[in-house]
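Beneath this line is the structure, given in structure tokens, with notes to follow.
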Amino acid sequence: MDSVDLQIIELLKRNSRITSSEISKAIHLSVPSVSERIRKLEEKGMIEQFTIRLNREITGRHLLAYISVILEHPKYIESFKEQISNESCIIECHHLAGDYDYMLKVGVPDISSLEVFISETLKGLAGVQKTKTTIVLSTLKEA
């Protein structure tokens, strides 16, 4: 991967619907060359998928929070993963090394929705021993 590939990736990260023609104009490379580079980046697994990022405000997820979770015992991991995967308010879930087992990125309409999710849903899951919630005030950069 060279600097041209990095430029292509940056343009695609900003707008996954950008055309090869638009990329071509931006980086001064022929359309076929751009298309070929994108194809190779996909083949190598550098580009896994083209996707969208929804506007949380418009979709009603005005409040963003990160919730760290500790499970009592590893025997609860599989059921935790299965139940978390079905929760629509969870934007991301990461398995961690360190003091906490999982980090959840949650988008909800308001503070009362967050309270219900934490108190009734999350803490109601088998094996959830402890949670720590951090509320996002503003976002400077999001990939």
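Derivation of every value follows stated rules applied to the coordinates shown; laboratory data play no part. Remember, it's a predicted structure, so these values are computed and weren't measured experimentally. Cβ sites come from the backbone with ideal geometry, for glycine too, and all protein chains shown count toward neighbours.
What's the tally of Lys pairs in the chain whose alpha-carbon atoms lie under 25 angstrom apart, where the two lysines are 8 or more places apart or on different chains?
21
What does the charge add up to near Ile70, with Lys and Arg as +1, Asp and Glu as -1, over the other residues with Cβ less than 9 Å from its Cβ?
Residues near Ile70 contribute -1 overall.
For Asp5 paired with Ile84, estimate the spin-label separation in nm (one decimal), with each label point 7 Å from Cα along the Cα-to-Cβ line.
Here the answer is 3.2 nm between the modelled labels.
Going by amide H atoms built from the backbone, whose H comes under 5 Å of the H on Ile91, apart from near neighbours?
The answer is Lys105, Val106, Gly107.
In whole Hz, with x marking every Gly and Pro, tabulate ³J(HN,Hα) for the stretch 92-103 from phi via Karplus 6.51 cos²θ - 1.76 cosθ + 1.60, θ = phi - 60°.
Result, ordered by residue: 9, 9, 10, 7, 10, 9, x, 5, 10, 8, 9, 10 Hz.
With 17 Å as the cut-off, how large is the P(r) tail for the stretch 13-66, expressed as percent of Cα-Cα pairs?
Beyond 17 Å sits 53 percent of the P(r) for the stretch 13-66.
Treating only the Cβ of Lys, Arg, Asp and Glu as charged (+1, +1, -1, -1), what charge dipole size does the chain show about its Cα centre? Round to the nearest 20 debye.
Using only the charged Cβ atoms, the result is roughly 320 debye.
Tell me the relative contact order for the chain as a rounded percent, counting alpha carbon contacts under 8 Å between residues six or more apart.
25 percent
Please sort through the DSSP H helices of the chain and keep those with an alpha-carbon extent of at least 27 Å along the long axis and a Kyte-Doolittle average not below -1.0. The partial results should precede the final answer.
Values: long enough: none.
Qualifying helices, which must be both long enough and hydrophobic enough, do not occur.
Largest first, please: the extent of the C-alpha atoms of the stretch 3-43 along each principal axis, to the nearest Å.
Ordered largest first, the stretch 3-43 gives principal extents of 23, 20, 19 Å.
Got the relative contact order for the stretch 63-135 handy, in percent, Cα pairs under 8 Å and 6 or more residues apart?
Working: 108 pairs, mean separation 37.2, N = 73.
In percent, rounded to a whole number, it is 51.
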